[in-house]
Amino acid sequence: MKAALTVGSYQSRSVIASAQRCVNLYLEANPQGSVFPFTHYPTPGLTLATSVSQNQWRGLYFASNNVLYGVCGNTVYVINSNYTTTVIGTITSSSGTVSMVDNGTDLILVDGTLNNGWIIHLATNAFTKINQAGFYGGNQVNYVDGYFVLNYIGTKEWYISLPNTTTFDPIDYASTTGFNDLLVGIGITRRYIYLFGEVTTEIWFNQGNTTFPFGRLPGSFMQYGCAATNSIAQADGELYLLAQSPQGQAIVCRTNNFAAVQISTFAIDNELQGYAKLSDAIGYTYQLNGHFFYVLTFPTANKTWVYDLSNQQWYEWNYVDNDGNFNRHRSNCFAFGYGKLIVGDWQNGNLYFIDQDNYTDNGQSISRVRSFYHMEDDGANRVRYRSLILEMESGNGANYQDIPVSLIWSDDRGKSYGNPVMQSIGKEGEYIASLQWNRLGMARDRVFEVSWSSPVKTALSGAFIDAISNHE
């Protein structure tokens with residue numbers, strides 16, 4: 001029988017329903033007529049670009065002058081195209097996500113604290129603190145139609161700059177009125193302003209009014225708000241966020257036609273409900289090989305989940321420490337600059353390239369795990385498993401070393417697993433090596449799981465299982 005893997009991670013509340021994991025692998029649809037519908041490719045590794053003396057990268061931004069700016073600790077850097085860094089200033093805080101955007105002439109930076117913000121003049125990199133009566137800081141800073149757009153922290157209000165300047169007038173503000181929740185964050189896409197409250201969202205657009213240019217979009221109001229300000233990210237003309245409503249929290253949504261559409265599965269929702277803290281979630285999007293990914297990290301829970309927009313599947317993106325434990329991914333912020341996908345480390349001063357040709361995280365092994373679905377006959381009969389043949393790309397090792405792959409299985413519906421049984425995916429040049437396990441015993445309900453961590457190019461499509469039912 002053919003065991004095709006057609007969904008990503010899906011571990012439901014009860015393992016009798018599903019116990020599938022997909023760790024550090026993403027799915028890509030195969031051409032019609034292929035033996036297996038999907039192939040699992042390794043997630044990209046991390047290649048060191050540069051490192052600074054401060055700890056925790058808090059934000060990266062590739063400005064319209066084609067220069068990369070970043071904040072690590074309390075220090076603001078210019079990062080040149082050869083990845084040398086220059087300090088241009090410091091800010092008052094040392095942790096937490098920062099937000100940056102520019103208008104072609106100046107860049108504004110905010111760190112989520114009240115009344116604090118800074119300007120970088122792009123022509124000279126001159127760095128100054130904003131001291132204006134009409135500026136109040138913000139959780140985020142956005143830009144649309146010549147205006148900088150920010151929220152007034154802890155209120156229902158938001159405000160804008162004067163057009164094409166970094167000057168703020170105290171009268172240029174507005175307030176959400178659709179519901180009584182506070183404004184949490186702002187997202188902008190297709191020139192529409194999404195004002196995310198705690199449990200509802202208003203959508204505004206540029207009406208061209210003389211007093212205040214923006215007004216509410218008639219007939220639009222979302223009955224979802226935002227559970228984590230920094231989870232808001234844009235891709236494909238829509239916004240992605242960790243959402244909540246008056247009925248509950250912890251679902252992941254994308255906007256669609258000025259409404260919120262749930263993209264998280266019941267299994268993901270159940271996972272998130274168990275996290276001690278959701279408000280610190282960090283989201284960003286990036287594109288690789290035609291896939292758009294929404295990366296959502298939960299620092300307190302020490303977990304990173306990724307949604308693949310191309311096939312609507314989720315997977316875990318983990319970093320493996322020296323003790324073999326899974327942790328959140330190293331990336332804390334992202335920018336596409338100088339033709340590279342660049343991320344900053346959440347713990348130290350390292351900047352990395354997201355590198356699909358690197359099968360390690362800056363030299364650290366990456367463990368890749370894929371669990372199969374429940375395999376059973378009719379629930380009453382035991383199944384005898386004669387063999388399992390894994391359909392994997394092989395022969396890409398080096399120095400003619402064996403590339404080990406581990407198989408474990410559970411006969412109690414995914415509650416517990418036995419000891420690993422190792423096989424080799426083949427030495428260098430053994431492109432047609434057969435990865436096969438024989439005499440695997442009997443079970444009424446079995447879950448297989450394979451894993452490997454060798455730093456070589458691999459791909460997994462599925463498995464062929466030779467099994468017969470033992471009628472009792």
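Select from segment 19-34 the residues that are hydroxyl-bearing (Ser, Thr, Tyr) and surrounded by 21 or more Cβ atoms within 10 Å (Cβ to Cβ) and list them in ascending order.
26
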May I ask you to list the residues in segment 163-194 that are among the charged types (D, E, K, R) and assigned to a strand (DSSP E or B)?
169, 172
If you go through segment 421-453, how many residues are outside any strand (DSSP E or B), modelled with pLDDT of 90 or more and surrounded by 15 or more Cβ atoms within 10 Å (Cβ to Cβ)?
1
Yes or no: segment 258-271 includes at least one residue that is polar (S, T, N, Q), open to solvent by 20 Å² or more (accessible area, probe 1.4 Å), without any contact (Cβ under 8 Å) to a residue 12 or more places away in the chain and not in a strand (DSSP E or B).
no
Taking segment 87-116 as the search range and keeping residues that are open to solvent by 30 Å² or more (accessible area, probe 1.4 Å), touching a residue at least 24 places away in the same chain (Cβ under 8 Å) and in a strand (DSSP E or B), which one is nearest to residue 143 (Cα to Cα)?
114
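This table checks each residue for (1) open to solvent by less than 20 Å² (accessible area, probe 1.4 Å); (2) under 27 Å from residue 161 (Cβ atoms).
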site: 36; (1), (2): yes, no
site: 48; (1), (2): no, no
site: 67; (1), (2): no, yes
site: 70; (1), (2): yes, yes
site: 120; (1), (2): yes, yes
site: 126; (1), (2): no, yes
site: 131; (1), (2): no, yes
site: 134; (1), (2): yes, yes
site: 137; (1), (2): yes, yes
Would you check which residues across segment 158-178 are open to solvent by 60 Å² or more (accessible area, probe 1.4 Å), at pLDDT 95 or above and within 33 Å of the chain's Cα centre (by Cα) and list them?
164, 173
Of those in segment 272-289 that are within 25 Å of residue 20 (Cα to Cα) and of a type in the set (Gly, Ala, Ser), the residue surrounded by the fewest Cβ atoms within 10 Å (Cβ to Cβ) is 276
Just to check your reading of the model, which residue among 304, 285, 300 is free of Cβ contacts under 8 Å to residues at least 40 places away in the same chain, of a type outside the set (D, E, K, R) and over 23 Å from residue 452 (Cα atoms)?
300
Quick one: is residue 205 in a strand (DSSP E or B) and under 14 Å from the mean Cα position of the chain (by Cα)?
no
Confirm whether residue 111 is more than 23 Å from residue 331 (Cα to Cα) and acidic (Asp, Glu).
no
Candidates 406, 416, 387 - the one that is assigned to a strand (DSSP E or B), without any contact (Cβ under 8 Å) to a residue 60 or more places away in the chain and among the polar types (S, T, N, Q):
406
Within segment 148-186, tally of residues that are among the basic types (Lys, Arg) and either over 18 Å from residue 229 (Cα atoms) or out of contact with any Ser or Thr (no Cβ under 9 Å at 6 or more places or on another chain) (or both)
0
With 426, 462 as the choices, which residue is within 20 Å of residue 40 (Cα to Cα), touching an Asp or Glu at 6+ places or on another chain (Cβ under 6 Å) and not polar (S, T, N, Q)?
462
Of the residues that sit in segment 398-410 and are under 21 Å from residue 462 (Cβ atoms) and not hydrophobic (A, V, I, L, M, F, W, C), which one is most open to solvent (accessible area, probe 1.4 Å)?
404
Of the residues in segment 454-469, those that are assigned to a strand (DSSP E or B), of a type in the set (Gly, Ala, Ser) and either open to solvent by less than 20 Å² (accessible area, probe 1.4 Å) or within 25 Å of residue 355 (Cα to Cα) (or both) number 3
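Can you go through 65, 55 and tell me which one is at pLDDT 95 or above, under 22 Å from the mean Cα position of the chain (by Cα) and not in a strand (DSSP E or B)?
55
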Please verify whether residue 310 is open to solvent by 30 Å² or more (accessible area, probe 1.4 Å), within 18 Å of residue 243 (Cα to Cα) and more than 13 Å from the chain's Cα centre (by Cα), treating the condition exactly as stated.
no
Quick check on residue 416: is it surrounded by fewer than 16 Cβ atoms within 10 Å (Cβ to Cβ) and among the small types (Gly, Ala, Ser)?
yes
Of everything in segment 290-307 that's under 19 Å from residue 270 (Cα atoms) and of a type in the set (A, V, I, L, M, F, W, C), which residue is surrounded by the most Cβ atoms within 10 Å (Cβ to Cβ)?
296
With the condition kept exactly as written, say whether any residue in segment 320-337 is crowded, with 23+ Cβ neighbours inside 10 Å, small (Gly, Ala, Ser) and at pLDDT below 95.
no
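For residue 322, are the conditions met, namely being more than 29 Å from residue 67 (Cβ to Cβ) and touching a residue at least 60 places away in the same chain (Cβ under 8 Å)?
no
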Complete set of residues in segment 179-218 that are hydroxyl-bearing (Ser, Thr, Tyr) and open to solvent by less than 40 Å² (accessible area, probe 1.4 Å)
189, 194, 200, 201
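The values are calculated or read from the model by the stated rules, or taken from the named source; none is laboratory data. Predicted model, so just to flag it, every value in this text is computed and none were measured. Heads up, the Cβs are rebuilt from the backbone with ideal geometry, glycines too, and the neighbour counts pull from every protein chain shown. The accessibility values were calculated without ligands, DNA or RNA, using every heavy atom of the protein model including side chains. Shrake-Rupley method; radii C 1.70, N 1.55, O 1.52, S 1.80 Å.
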